[in-house]
1. D243 fails exactly one of the following numbered conditions: (1) in a strand (DSSP E or B); (2) acidic (D, E); (3) in contact with a Leu (Cβ under 8 Å, 6 or more places away or on another chain). What is the number of that condition?
2. Quick check on this structure: which one of N76, N3, N65 is modelled with pLDDT of 95 or more, closer than 29 Å to L261 by Cα and out of contact with any Gly (no Cβ under 6 Å at 6 or more places or on another chain)?
3. Go through segment 246-275 residue by residue and tally those that are in a strand (DSSP E or B) and under 21 Å from Q302 (Cβ atoms).
4. When you check T113 against the structure, is it surrounded by fewer than 13 Cβ atoms within 10 Å (Cβ to Cβ) and in a strand (DSSP E or B), yes or no?
5. Give me the strands (runs of 3 or more DSSP E) completely within segment 159-223, filtered to those with at least 2 residues that are surrounded by 23 or more Cβ atoms within 10 Å (Cβ to Cβ), ordered by residue number.
6. Of all residues in segment 224-240 being assigned to a loop (DSSP other than H, G, I, E, B) and not hydroxyl-bearing (S, T, Y), which is nearest to I273 (Cα to Cα)?
7. Which is of a type in the set (G, A, S), part of a strand (DSSP E or B) and either exposed (fewer than 15 other Cβ atoms within 10 Å of the Cβ) or touching a Phe, Trp or Tyr at 6+ places or on another chain (Cβ under 6 Å) (or both), of G125, G142?
Amino acid sequence: MRNIVATTVATGLLFQSVAMAGTGVKAVAAAVAPVAPVIAVIRPPVLLTGYTVTVLPLDTAGGMNDGIIVGTAQGNPVAYVNGQVEPLPGFDNYTAITPTSVSATGYIVGYATSTTPSNVPYRRGLFWASRSNAPIDMGALGQFTMPLSINSSGVAVGVSYQTIASGGPVGAPTAFAWSISGGLRSIAPPLSNQSYANSISDSGYVAGYAWYGGQQAATRWYPGSFQAGTTEFGNIALWAREDGTVYSYAKSWDLSNKATLIAPTPSAYVYGISSIGRRIGIDNPNMQLRAWTVPAGGTTEQILPVPSGITSSFVTQVDGCGTILGWVRYPDNSTKAVLWTKLTCDQSAVLTQ
């Protein structure tokens, strides 16, 4: 329960983030959903010493919840639990199985490649009821189906495309929702010609975007009905919080659509907010990405420590304790998933919005 700054730099950042997260379709949003830069007071960052960093034995890390990380290792779907890699059950005749999200109740979603009799590769969504259950095929609205987020009730959201070519999507995206009881269905807002659902909260709010003709709109879907409402034209919403607030890299919108700037500096982009308000993100000084965090109620970027020799660092998710999932890049351009662990768990609930 879980991309983009204006300019081509933003697009590049997103492509790098999904390379580790295992959600490659999110890169499509970068090409169609620029975000205006933020005007904010510049505060010098400080080096953070309250975290330790661990390089994970994973190829990709797609999601984290309640101490469980899902992703891939040596090309296979896995869960990382208590420092151990556990294989996830596969699906017959499906390849490139990649988990993308895990809920607090242990539900997992991901995607895989299925080849039809005509040898056309289809991207299919998968759902695991638990780490020990074999996955089920979630169905499809087209040739390309990508679940991106699942909540504790087992409701998943994502994006689909009618056509696939060279392994990638073709045409306009359509937002979808899925559950065991309701199956797979489009939640594209009425009159929209494109839509994209990125994240669903445990309370059922969904963050994404839609296009109406040539006009783009940050969008919030409401629990149960998936009724869609625009939060702001010319923007995108990427993550949803339990209180219905949705946010993007620089701005959040509450249920009354009041906008709040959330990026700590003009060059910083928010990639997650914990349940108590800790923000995480990346900064781009001199084109070298560096991961940061800001504690609840704080205003200054605290730069996260990195292993020796890395060239850039990236964050993708933060939990209520302050544990942060992300990845780092080495001089040979290889990447490794990493976990930043806070020495003391975040406790007090402090609102920052």
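1. (1)
2. N65
3. The total comes to 10.
4. no
5. In segment 159-223, the matching strands (runs of 3 or more DSSP E) lie at 174-179, 194-200, 206-212, 215-221.
6. L238
7. So the residue among G125, G142 that is of a type in the set (G, A, S), part of a strand (DSSP E or B) and either exposed (fewer than 15 other Cβ atoms within 10 Å of the Cβ) or touching a Phe, Trp or Tyr at 6+ places or on another chain (Cβ under 6 Å) (or both) is G125.
Residue-by-condition table, conditions (1) assigned to a loop (DSSP other than H, G, I, E, B); (2) not hydrophobic (A, V, I, L, M, F, W, C):
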residue: G71; (1), (2): no, yes
residue: P77; (1), (2): no, yes
residue: E86; (1), (2): no, yes
residue: F91; (1), (2): yes, no
residue: T100; (1), (2): no, yes
residue: V109; (1), (2): no, no
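The values are calculated or read from the model by the stated rules, or taken from the named source; none is laboratory data. Please read these numbers as outputs of a predicted model, since none were measured by experiment. Backbone-built Cβ (ideal geometry, glycine too); neighbour counts: all protein chains shown.
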